[in-house]
Amino acid sequence: MDRRSFAATAMATAAASVQAAPQLAIDGGKPVREKMLAPHFYGPEYYGEEERRELTEVVETRRPFRWYSSGHGTPTKVLTFEQEFAAHMQTRYALAVTSGSAALMTAVAALQVGPGDEVILPTWTWYSCYNAIVLMGALPVFAEIDESLGIDPADMESKITPHTKAVMPVHIEGVAADMDRVLAIARKHNLKVIEDCAQSMGAIYKGRQVGSMGDINIFSLQICKTVTTGDGGMVTTNDPALFERATRYHDLGILRPPHEKILGAGKTGMFPSSQFRMNEFTGGVGLAQLRKLDMIASALRKNTNRVYEAVKDLPGIRFRMRPDPKGDLGVGVFIQFDSKARRDRFRKAMAAEGIYARPSSGSEVLPIQPHIENKVTLHPAWPSFQTERGKAIRYGAACCPRTIDILDRCACVPLDPKFTPSDVDDVITAIRKVYPAVAA
Ligand SMILES: Cc1ncc(COP(=O)(O)O)c(C=O)c1O
């Protein structure tokens, strides 16, 4: 072929491929689906006979309080839930509490984090992480996230001072933090690790359940989580001393006989504490939901993996970094764009195709929240900000430019464990149609 006919053929091919690109719905083309496809809260979609039976039993036995049922021969629902939860999460102990926020306070209290101590947490997480540290009188120190949307281990290490007592990796939106690096840094600097698994129950990191690697770890059972009791939380640990302090902290300082039986004689006495006990209704529903966790997680993972596989060949596509892709819970497919404008156009174009796409959600960029930037506390003399370090520390946008940039460029197409194969096909078709048009 001579140069002229080669050029003519190339131009014809290019024109044909332009013509072949389907017109986006946002530009007047036919949408992939007429009715918007968006996920539901997973747990309640799986409510059924099992949850009903647990609730009915509590009503019929008239034993809604966890400690007043133990004299009746059968273990209480909350105790059974704790034991099955510990076994599932590959830990020695689990403690049921009223929420993930209560679980965080219990974990931080069990570690005896207090005035003068610093705890490092990621910039992109939920208020409860920051609150638990401040409510114990300690100082929160933020570390930036990386493209996993989880804590950046290198930035975390750079924030360690002689006052740092613990680090709090948070497993964000179904993806485990880079735990090998986090644990190695914590070990090197003799720090405690609190895994926050609220958003990722059922995620795995290199064969280990999230919530089994830190010194003490927490989960949430709130409506947006993998399984739900409406509200509720769990604490896990392998350390008997931490379990004792946690159970005492969640129950007015008391060590009750069922937990004493698990632990042997207590090693500490009472101390002033909170009251975060779970009731039997919640424990029963938690138990029924826990028994469905693997089913929900594997359905979710299957749907999400199908999408990741089917779009990975799109030229230039870049996904969220996943420290262990196989263990990703699969709440969605996360795509990184090179600008916020392209990310926003992708979301709009996907919506026009009938597929919901959102930014990463369920967290806040904490350092830029006005009450955090201004270090507002319950009382003006709150210990967190009275130390030299507490007075000097500055929050605000200047401490998290990378976090803001990464989040601005991130889109998530959320999946649902109950999406049908044809729903998943539609998600794939929409991404394949929209991404090349907006990312170029
Ligand atoms: C990362 C993280 N930690 C803790 C919590 C607190 O859980 P709860 O709402 O059960 O108090 C949440 C809730 O969304 C969360 O996302």
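The values are calculated or read from the model by the stated rules, or taken from the named source; none is laboratory data. Fair warning: this is a prediction, and the values are worked out from it, not measured in the lab. Here the Cβ is made from the backbone with ideal geometry for all residues, glycine too, and neighbour counts use every protein chain on show.
Answer yes or no: is there a residue in the stretch 181-197 that is within 22 Å of Asp416 (Cα to Cα), at pLDDT 95 or above and within 14 Å of the ligand (Cβ to nearest atom). Yes, the stretch 181-197 has at least one match. Just one of the numbered conditions (1) within 14 Å of the ligand (Cβ to nearest atom); (2) within 24 Å of Arg245 (Cβ to Cβ); (3) in contact (Cβ under 8 Å) with a residue 60 or more places away in the chain; (4) touching a strand residue (DSSP E or B) at 6+ places or on another chain (Cβ under 8 Å) is not true of Pro169: (3).
Restricting the first member to the stretch 79-103 and to residues that are of a type in the set (S, T, N, Q), and the second to residues that are more than 16 Å from the ligand (Cβ to nearest atom), the beta-carbon pairs closer than 8 Å and six or more apart or on different chains are Thr80/Leu287; Gln83/Pro75; Gln90/Arg208; Gln90/Gln209; Gln90/Ser212; Thr91/Ser212; Thr91/Thr237; Thr91/Asn238.
Of the numbered criteria (1) more than 25 Å from the chain's Cα centre (by Cα); (2) under 18 Å from Met168 (Cβ atoms), the one Arg66 fails is (2). Within the stretch 71-114, the residues that satisfy the criterion of being of a type in the set (Ser, Thr, Tyr), within 16 Å of the ligand (Cβ to nearest atom) and in a helix (DSSP H, G or I) are Ser101, Thr106. Count of the stretch 407-440 residues, restricted to those that are aromatic (Phe, Trp, Tyr) and surrounded by fewer than 21 Cβ atoms within 10 Å (Cβ to Cβ), is 0.
Taking the stretch 321-339 as the range and being buried (at least 21 other Cβ atoms within 10 Å of the Cβ) and assigned to a helix (DSSP H, G or I) as the test, only Gly327 passes. One residue alone among Gln209, Gln222 is polar (S, T, N, Q), touching a residue at least 40 places away in the same chain (Cβ under 8 Å) and either at positive phi or within 11 Å of the ligand (Cβ to nearest atom) (or both), and that residue is Gln222. Looking at Pro414, Pro359, Pro370, just one residue is without any contact (Cβ under 8 Å) to a residue 60 or more places away in the chain, in contact with a Lys or Arg (Cβ under 8 Å, 6 or more places away or on another chain) and either among the β-branched types (Val, Ile, Thr) or under 25 Å from Asp152 (Cβ atoms) (or both), and that residue is Pro359. Hand me the list of helices (runs of 4 or more DSSP H) wholly inside the stretch 223-320 holding 1 or more residues that are buried (at least 23 other Cβ atoms within 10 Å of the Cβ). Of the helices (runs of 4 or more DSSP H) lying wholly inside the stretch 223-320, those with at least 1 residues that are buried (at least 23 other Cβ atoms within 10 Å of the Cβ) span 240-249, 280-290, 293-311. For first residues located in the stretch 335-350 and in contact (Cβ under 8 Å) with a residue 12 or more places away in the chain, partners that are acidic (Asp, Glu) and part of a helix (DSSP H, G or I) and lie 6+ apart or on another chain with Cβ distances below 8 Å form the pairs Lys340/Asp408; Arg343/Asp408.
Scan the stretch 366-399 for residues that are buried (at least 19 other Cβ atoms within 10 Å of the Cβ) and within 16 Å of the ligand (Cβ to nearest atom) and the total you get is 3.
Considered as a group, the residues in the stretch 240-258 that are out of contact with any Pro (no Cβ under 9 Å at 6 or more places or on another chain) and without any contact (Cβ under 8 Å) to a residue 40 or more places away in the chain include one that is nearest to Ser274 (Cα to Cα), and that residue is Asp251. Against the numbered list (1) hydroxyl-bearing (Ser, Thr, Tyr); (2) under 30 Å from Ile406 (Cα atoms); (3) in a helix (DSSP H, G or I), Ser148 comes up short only at (3). A count restricted to the stretch 155-209 and to residues that are surrounded by 17 or more Cβ atoms within 10 Å (Cβ to Cβ) and in a strand (DSSP E or B) stands at 13.
Restricting attention to the stretch 120-131, which residues are out of contact with any Ser or Thr (no Cβ under 6 Å at 6 or more places or on another chain) and either more than 20 Å from Ala177 (Cα to Cα) or among the polar types (S, T, N, Q) (or both)? Asn131 - this is the single residue of the stretch 120-131 that is out of contact with any Ser or Thr (no Cβ under 6 Å at 6 or more places or on another chain) and either more than 20 Å from Ala177 (Cα to Cα) or among the polar types (S, T, N, Q) (or both).
Applying the selection to the stretch 405-416, what residues are within 17 Å of Gly362 (Cβ to Cβ) and not in a strand (DSSP E or B)? Selection gives Ile406, Leu407, Asp408, Leu415, Asp416.
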